[in-house]
Amino acid sequence: MRTTRALAVAATAVAALGIAAPVAAARDGMPVGPSNIVALPSVIARGGQLTITVDGCPQGGTATSDAFPSTTLSPVPGGTTAKGTATIDRNARSGAHSITVHCTGSARPLTHPNAFTVIGGVRGGLGGSSTTGATPTDMAIGGGLIAVALIGGGVFWMRRRAEKQT
């Protein structure tokens with residue numbers, strides 16, 4: 001019974017030391033690496049500017065994605081955060097994109113899947129339409145409406161004229 005109790009105490013001590021050791025090592029100045037990536041705005045159009053903030057990256061680094069070229073992250077003074085601005089490519093595909101960050105002095109990169117979403121641009125000045133000019137259907141509908149208006153106006157005018165003569 002005493003042996004079992006001694007083994008349980010020893011196992012608990014080893015487990016507590018195993019959990020506390022990485023935390024102690026991280027606080028002693030060892031580089032931990034990036035821990036959090038925030039991309040704002042989270043929904044952006046092609047050609048827009050995306051602000052990337054990374055925690056645990058005190059010396060700066062680079063951010064990469066398939067939607068923008070490699071972007072430099074500069075350290076924010078007085079902290080362990082780095083920040084950068086990326087311009088989304090004009091030919092970036094619509095949908096969710098990931099960001100991978102490589103911090104200077106850290107061996108392990110961090111990837112944030114689906115960090116932001118690129119939306120398709122609109123054709124400005126055309127009201128968002130994708131066709132040029134009126135289609136034959138549009139012309140037929142417009143012509144029909146004009147014909148109905150002319151016939152209706154003529155009937156109304158003829159009836160009013162007949163009422164005045166009597």
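The values are calculated or read from the model by the stated rules, or taken from the named source; none is laboratory data. Because the structure is predicted, anything quoted here is derived from the model rather than measured. We place every Cβ from the backbone using ideal geometry, glycine too, and count neighbours over all the protein chains shown. To get the accessible areas, we keep the full protein, side chains included, count just its heavy atoms, and leave off ligands, DNA and RNA. Shrake-Rupley method; radii C 1.70, N 1.55, O 1.52, S 1.80 Å.
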Quiz item: What number goes with the only condition from (1) open to solvent by less than 100 Å² (accessible area, probe 1.4 Å); (2) modelled with pLDDT of 90 or more; (3) within 29 Å of N91 (Cα to Cα) that G152 does not pass?
Solution: (3)
Exercise. Sort out which residues of the stretch 53-98 are open to solvent by less than 50 Å² (accessible area, probe 1.4 Å), free of Cβ contacts under 8 Å to residues at least 24 places away in the same chain, on the phi < 0 side of the Ramachandran plot and of a type outside the set (V, I, T), and write them in order of number.
Key: G79, A96
Practice problem: Residues being part of a loop (DSSP other than H, G, I, E, B) and within 14 Å of I37 (Cα to Cα): count how many of those fall in the stretch 75-93. | Solution: 1
Quiz prompt | Condition check for T117: at pLDDT 90 or above, in contact with a strand residue (DSSP E or B) (Cβ under 6 Å, 6 or more places away or on another chain) and not hydrophobic (A, V, I, L, M, F, W, C) | solution = yes
Exercise. For A96, indicate whether it is outside any strand (DSSP E or B), in contact with a Phe, Trp or Tyr (Cβ under 9 Å, 6 or more places away or on another chain) and among the aliphatic types (A, V, I, L, M).
Key: no
